[in-house]
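Visitor: Right, I'll just put the structure down here and ask away after.
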Amino acid sequence: MKNLRKAKILVVDDEENIRKSLKMILEYEGYQFLEAGDGEEALSLIEETIDLDLVLLDIKLPGLDGLDILAEIKKRPYAPEVIMISGQGTIQTAVEATKLGAFEFLEKPLHRDRVLLSIRNALNQNTLRRECLDLRKKAEKRYEIVGNHPLMKQLWKDILKTAPTNATVLIHGESGTGKELIARAIHSHSLRAKEPFIQVNCAAIPEELIESELFGHEKGAFTGATERKVGKFEQADGGTIFLDEIADMSLKTQSKVLRVLEEGEIQRVGSSKVSKVDVRVIAATNKDLKKEIGEGKFRDDLFFRLNVVPVYSPALREKREDIPLLIDYFGRNFAEENNFKPRKFSAEAVAVMTKYAWKGNVRELRNVVERLLIMTEAEVIDKKDLPEQVGGGAKAQLPDAGEAKTLKDYRELAEKDFILAKLEKNNWNISQTAREIDTPRSNLYKKLAQYGIKITVGVGEAVAPSSPTEKKGEESPNSEGQDGR
Ligand SMILES: Nc1ncnc2c1ncn2[C@@H]1O[C@H](COP(=O)(O)OP(=O)(O)OP(=O)(O)O)[C@@H](O)[C@H]1O
Ligand SMILES: [Mg+2]
């Protein structure tokens, strides 16, 4: 337990003897020891010591008392654990300290073994808590919204204004502009943040299944309903449901969704029972719903219900000033996630990318950046490395023959390059790409696995591998590229 023995511990006690004896014990055990004789001193030490793991804190101190200090400590995001020490520990103080987040309560006189045991337990707990925080941070990072453009500042204002309310939000904007990120941001800044966020991609679910997907079904409700199923609205109870691509919902399903919005009631398919749910609805679309209403494809009453707070997700070409920032962000993230060397883009390359039309918006930009990091060897990625359609010099050219040792190597390089280029051309839509290159979809999926091109989000988005060796052998041992020399 090397890392535990080096832990940094602060002892706060006004009795010098106690500090002296704890110093001896702790240093003997290999801990780093810090001390403070009163509350003020303790707080300033806590302020300046970022990697503090644990505080042993006397309840009774001159000036600020232990409970005040405890409350201060626990306000910090990476707060150390705290063990309270007391001369005449009353139950009442112990209860209060525990409520404020103290790990444990030790009574004087202190016994060496008892103290050491508590310390070990508290440090273990601290490590677990920090790991948990780190994981959460990583997850949050995936959904980070990057951008300084005034439109993005306005967007953040809208998000923060609507988040704490229960209002239904309709996010509209082109494909790839970050509508999902906005929906998640609203949820995570709402009072429901700790409750579920359930996403339903209405375009990806076949019409005959969508009702049971949303509202659940009873066993035997229809052929194939062998088990009872809990629907997405029920899963989201207490939290938020994100109805993505809402325009793709049939009129029949729309009327059922309207009922949830109006009455807060759902009915499982095949059930006569109605149950209440408390769900906040966020919907998104890249279509013009007014036009859909005009064509009789969308219910106007549902539109008005959804559109309580409209939020616009701007297209990338409306916020070009953010492009350099996004290039840098995606580049750094991708390198970090995949243990690549971080690389720079030349000023000229950035300038060309800032001018490009980006019909696929931020998603397209991200895919281009990631692809460049995989495919380009150069330390600095230059204009000539950019794909031709973006305005660079790189044609869908053949890979460098010198890179490949065997015929098979060369063929695979070329094949991967070809597939990436076609995916990009088809906006990362698998079915469309498969059609264009005249191969079954199943084969294209096999190839993606073989070359570690990973599809992360439902329809149409592909990103590069999270680890270069991922899924090797598991999914593609017999795929054509490997056996057909
Ligand atoms: N402002 C941003 N900062 C960082 N990443 C972004 C930003 N906007 C979009 N992205 C990234 O672009 C990709 C597309 O975003 P998202 O899926 O939210 O778009 P969308 O509007 O929902 O698209 P679609 O209509 O196709 O579903 C994601 O990888 C997302 O992380
Ligand atoms: Mg989306």
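Here, each number is a calculation from the coordinates, and none is a lab measurement. A quick note: this is a predicted structure, and the numbers were derived from the prediction, not measured. Cβ sites come from the backbone with ideal geometry, for glycine too, and all protein chains shown count toward neighbours.
Visitor: Taking 1 over the mean of 1/r across every pair of different Cα atoms in the chain, what Kirkwood radius in Å do you get?
Guide: Averaging 1/r across every pair of different Cα atoms and inverting gives 27.1 Å.
Visitor: Using Cα-Cα distances under 8 Å and only pairs 6 or more residues apart, what relative contact order does region 150-314 have, in percent?
Guide: Working: 305 pairs, mean separation 56.0, N = 165.
Here the relative contact order equals 34 percent.
Visitor: If you project the alpha carbons of region 410-454 onto the principal axes, what extent comes out on each, in Å, largest first?
Guide: For region 410-454, the Cα extents along the three principal axes come out at 25, 19, 19 Å.
Visitor: How far is helix 39-48 tilted off the main Cα axis of the chain, in degrees rounded to 10, range 0 to 90?
Guide: Approximately 30 degrees, to the nearest ten.
Visitor: Please list, ordered by chain and number, the residues whose modelled amide H lies under 5 Å from the amide H of Met84; skip anything fewer than 5 residues away on the same chain.
Guide: Answer set, sorted by chain and number: Leu57, Phe103, Glu104, Phe105, Leu106.
Visitor: Follow-up question, since we're still on this one. Gly216's amide H: which non-local residues (gap 5+, or another chain) put their own amide H closer than 5 Å, with H modeled 1.01 Å from N in plane and none for Pro or chain starts?
Guide: Residues meeting the criterion, in which the H sits 1.01 Å from N, are Gly231, Lys232, Val269.
Visitor: Express as a percent, rounded to the nearest 5, the fraction of DSSP beta bridges in region 150-314 (both residues included) that run antiparallel.
Guide: 20 percent
Visitor: Next up: How big is the gap, in Å, between the Cα center of region 80-132 and the Cα center of region 414-455?
Guide: Answer, in whole Å: 57.
Visitor: While we're on this one: Quick one: Karplus J couplings for region 276-286, per residue in order, coefficients 6.51, -1.76, 1.60, θ = phi - 60°, nearest Hz, x for Gly and Pro?
Guide: Karplus values, whole Hz, x for Gly and Pro: 7, 10, 10, 10, 8, 9, 10, 10, 9, 7, 9.
Visitor: Now, a different point. When Phe334, Phe304 are ordered from fewest to most other Cβ atoms inside 10 Å of their Cβ, what list results?
Guide: With the sparsest Cβ surroundings first, the list reads Phe304, Phe334.
Visitor: For region 2-140, what number results from the quotient of the Cα radius of gyration and 2.2 N^0.38 Å?
Guide: Working: Rg = 14.3 Å, N = 139, 2.2 N^0.38 = 14.3 Å.
Computed over Cα atoms of region 2-140, the ratio equals 1.00.
Visitor: I'd like the antiparallel share, as a percent to the nearest 5, of DSSP beta bridges with both residues in the chain.
Guide: Bridges in the chain are about 15 percent antiparallel.
Visitor: Which cross-chain or sequence-distant (5 or more) residues have an amide H under 5 Å from the amide H of Phe345, H modelled 1.01 Å from N in plane?
Guide: Ile381
Visitor: List Leu306, Leu413 from most exposed to least, where exposure is judged by having the fewest other Cβ atoms within 10 Å.
Guide: Lowest count first: Leu413, Leu306.
Visitor: Could you sort the peptides 289-297, 383-391 by per-residue average Cβ neighbour count (10 Å cutoff), highest mean leading?
Guide: So the order, starting with the most tightly packed, is 383-391, 289-297.
Visitor: Averaging sequence separations of C-alpha pairs under 8 Å and six or more residues apart, then dividing by the length of the chain, give the relative contact order as a whole percent.
Guide: Once divided by the residue count of the chain, the mean separation gives 10 percent.
Visitor: What dipole magnitude, in Debye to the nearest 20, does the chain give about its Cα centre under +1 on Lys/Arg Cβ and -1 on Asp/Glu Cβ?
Guide: Charge dipole of the chain: 1140 debye, to the nearest 20.
Visitor: Any of Lys252/Lys319; Lys141/Lys287; Lys194/Lys416 with alpha carbons more than 31 Å apart? Name them for me.
Guide: In this structure, Lys252/Lys319; Lys194/Lys416 exceed 31 Å between Cα atoms.
Visitor: Continuing with this model, one more query. Taking the Cα atoms of region 150-314 alone, what are Rg (to one decimal) and Dmax (as a whole number) in Å?
Guide: 15.7, 54
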